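**Q** After the structure tokens below, expect a handful of questions from me.
The values are calculated or read from the model by the stated rules, or taken from the named source; none is laboratory data. Not measured: the values here are computed from a predicted model. In this analysis, Cβ positions are derived from the backbone assuming ideal geometry, glycine residues included, and neighbour counts consider all displayed protein chains. Keep in mind that these areas ignore ligands, DNA and RNA; they rest on the heavy atoms of the full protein, side chains included. Shrake-Rupley method; radii C 1.70, N 1.55, O 1.52, S 1.80 Å.
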Amino acid sequence: MANSKYAYVRNFELPDPLLPSCFLVCRLDGHSFHHFSEEHAFTKPNDERALQLMDHAAKDLMSEFKDIVLAFGESDEFRRVDHPDLPKRS
């Protein structure tokens, strides 16, 4: 959009501050998960390998980002919960 006739829209953007003492929930949605599950021959509805993969992804996410207090997968979605007032995990 830079250097286009719509660049003026930036003049109307506002900052998005987080409210104090509120949880922030981020939802990460899968992309073409059905293709991924077909490629890896996951069985429906709950392939053990797929569940372990989601668990491992949640653990890795929490290891990488210490502000996260909860992470979980559901279907092909992934959620994480952050809270600014909670102490950082070590």
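**Q** For the chain, what % of the accessible area comes from carbon and sulfur atoms, probe 1.4 Å?
**A** Carbon with sulfur: 57 percent of the solvent-accessible area.
**Q** To the nearest 10 degrees, how steep is helix 48-64 against the longest Cα principal axis of the chain, on a 0 to 90 scale?
**A** Taking the Cα atoms of the chain, the angle to 48-64 is about 40 degrees.
**Q** Separation between the Asn11 and His56 pseudo-spin-labels, each 7 Å from Cα along Cα→Cβ, expressed in nm?
**A** Between Asn11 and His56, the label points sit 5.2 nm apart.
**Q** Mind telling me which of Leu19, Leu28, Leu61 comes out most flexible in a GNM of the chain, alpha-carbon contacts under 10 Å?
**A** Leu19
**Q** What label, among (i) 23, 19, 10; (ii) 32, 23, 10; (iii) 39, 18, 7, belongs to semi-axes √(5λ) of the Cα gyration tensor in Å computed from the structure on display?
**A** (ii)
**Q** Given contacts defined as C-alpha pairs under 8 Å and at least six residues apart, what's the relative contact order of the chain, whole-number percent?
**A** Here the relative contact order equals 35 percent.
**Q** Loop only by DSSP, 13 or fewer other Cβ within 10 Å of the Cβ. Give me the GluC sites (Glu not before Pro) in the range 19-77 that pass, ordered by residue number.
**A** none
**Q** Right, here's the next one. To the nearest 20 debye, what charge dipole does the chain have about its Cα centre, counting +1 at the Cβ of each Lys and Arg and -1 at the Cβ of each Asp and Glu?
**A** With Lys and Arg at +1 and Asp and Glu at -1, about 340 debye.
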